[in-house]
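Taken together, the values in this text are just the output of simple stated rules run on the coordinates, not laboratory data. Just so it is clear, the model here is predicted, and its values are computed rather than measured. Positions of Cβ are backbone-derived with ideal geometry, glycine not excepted, and every protein chain shown enters the neighbour counts.
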Amino acid sequence: MIYTGGTIGMKTDPLVGALRPFDFAQILDEVPELGKFAGTLDSYSFDPLIDSSDIDPAMWQKMASLIAEKYDDYDGFVVLHGTDTMSYSASALSFMLDGLSKPVIFTGSQLPVGAPRTDGKENLVSAVEIASARCADGSARVPEVAIYFGSYLMRGNRTMKVNAESFEAFRSPNLEPLAESGINIRYNDRIIRKCSGEPLKVSLGLDTRVSILKIHPGITPQVVRNILLGPETRAVIIETYGAGNAPSASWFMDMVREAAASKILVNVTQCASGTVDMDLYATGKQMKEAGVISGRDSTTEAMLAKLFHLLGSGLSDDEVKAALAVSLRGEIS
Ligand code: ASP
């Protein structure tokens, strides 16, 4: 178990009256059920423990390095993480860890594990069970980076946090859950990724020169110019309407064309589910003709992580564009 922080391990600090992380030994005290597992359970804690709003790519590198270092020592890994950025972290780790043959299961909770109605215990105990689950031939049942939360196991790079209050805080709108837990944990083996048989390849390179432009009615040329044409970015994710549509105003399309000449522009829909189809409407078609690449049914979280990873891998812009069109870790349909 890799404990990074988050609500699951927080307690109210009487001095400030707000939640703060506490150490791992206290989590174990609150979840004696973990002692019933037959296997060996070790823990590694981040120092300092963080609210996941403070997560950054250096911490993804730290998580990936730790998993790589300990890979041969364990059957699976559980990452305890705050919910706010869990989908970003799970997406990033899915790209950084290629050829996984062991589970990496993220989980956390909406209420601290010491709270009477906590969802943390069930999430943690089930995540550990999933991380140690094996097929009849001894191979891992879920050799993927996934999130277990609120009874569902979901492919990490398909998830988004959709609820700030409910115990079902995450959804995977474009892919069925990998498993659902009730009395039994029912695995959806049809969609769980198979292990490639290749050895684990860890890529730590991440280039963060990516920004996100969310289209909205009333968006001004100044705002679009700053984000699309800012010299500090190599790629921009354009969050469009519906099937990938954006304003047809000439000033907007001119800026898109200008930016596409020197940057990678990707079209991801603002809708929670469904896919970008730039051939459906004239405005989408204009984007396609301008050189914008379809993000298909990717979440914004997964696309951001994929771009960080691809740009950080030393690929040329053309190679990055080619890789965006294919599914690397099951992140697009
Ligand atoms: N702010 C917390 C975090 O993301 C929320 C949580 O864990 O649920 O670390």
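Could you list, in sequence order, the residues of segment 1-58 that are polar (S, T, N, Q) and buried (at least 18 other Cβ atoms within 10 Å of the Cβ)? If the condition is that a residue be polar (S, T, N, Q) and buried (at least 18 other Cβ atoms within 10 Å of the Cβ), then THR4, THR7, SER45, SER52 are the ones that fit. The single condition among (1) under 27 Å from ASP207 (Cα atoms); (2) out of contact with any helix residue (DSSP H, G or I) (no Cβ under 9 Å at 6 or more places or on another chain) that LYS285 does not satisfy is (1). When THR83, THR40 are screened for being free of Cβ contacts under 8 Å to residues at least 40 places away in the same chain and either in a loop (DSSP other than H, G, I, E, B) or more than 14 Å from the ligand (Cβ to nearest atom) (or both), only THR40 passes.
Listed here are the residues, each with its yes/no results for (1) in contact (Cβ under 8 Å) with a residue 40 or more places away in the chain; (2) outside any strand (DSSP E or B); (3) surrounded by fewer than 17 Cβ atoms within 10 Å (Cβ to Cβ); (4) acidic (Asp, Glu).
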{"position": "ILE227", "(1), (2), (3), (4)": "no, yes, no, no"}
{"position": "GLU239", "(1), (2), (3), (4)": "yes, no, no, yes"}
{"position": "VAL276", "(1), (2), (3), (4)": "no, yes, no, no"}
{"position": "LEU328", "(1), (2), (3), (4)": "yes, yes, yes, no"}
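Within segment 173-187, residues that are without any contact (Cβ under 8 Å) to a residue 40 or more places away in the chain reach partners that are crowded, with 19+ Cβ neighbours inside 10 Å and part of a loop (DSSP other than H, G, I, E, B) with beta carbons closer than 9 Å, at six or more positions or on different chains, in the pairs LEU178/VAL142; LEU178/GLU144; LEU178/SER172; LEU178/ILE192.
Residue count for segment 149-174, restricted to those that are closer than 19 Å to ALA115 by Cβ and within 13 Å of the chain's Cα centre (by Cα): 0.
Total residues in segment 176-225 satisfying the condition of being part of a loop (DSSP other than H, G, I, E, B), of a type in the set (Val, Ile, Thr), over 18 Å from THR240 (Cβ atoms) and in contact with a Ser or Thr (Cβ under 9 Å, 6 or more places away or on another chain): the figure is 0. The one condition from (1) over 18 Å from LYS285 (Cβ atoms); (2) among the aliphatic types (A, V, I, L, M); (3) surrounded by 13 or more Cβ atoms within 10 Å (Cβ to Cβ) that ALA261 does not meet is (3). If the condition is being away from the ligand (no atom under 16 Å from the Cβ), surrounded by 20 or more Cβ atoms within 10 Å (Cβ to Cβ) and in a loop (DSSP other than H, G, I, E, B), then segment 100-131 contributes LEU100, LYS102, PRO103. The condition (being within 28 Å of SER91 (Cα to Cα) and assigned to a helix (DSSP H, G or I)) is satisfied by just one residue among SER53, SER45: SER53. Looking at segment 299-308, can you tell me whether even one residue there is without any contact (Cβ under 8 Å) to a residue 60 or more places away in the chain and not charged (D, E, K, R)? Checking segment 299-308: not a single residue is without any contact (Cβ under 8 Å) to a residue 60 or more places away in the chain and not charged (D, E, K, R).
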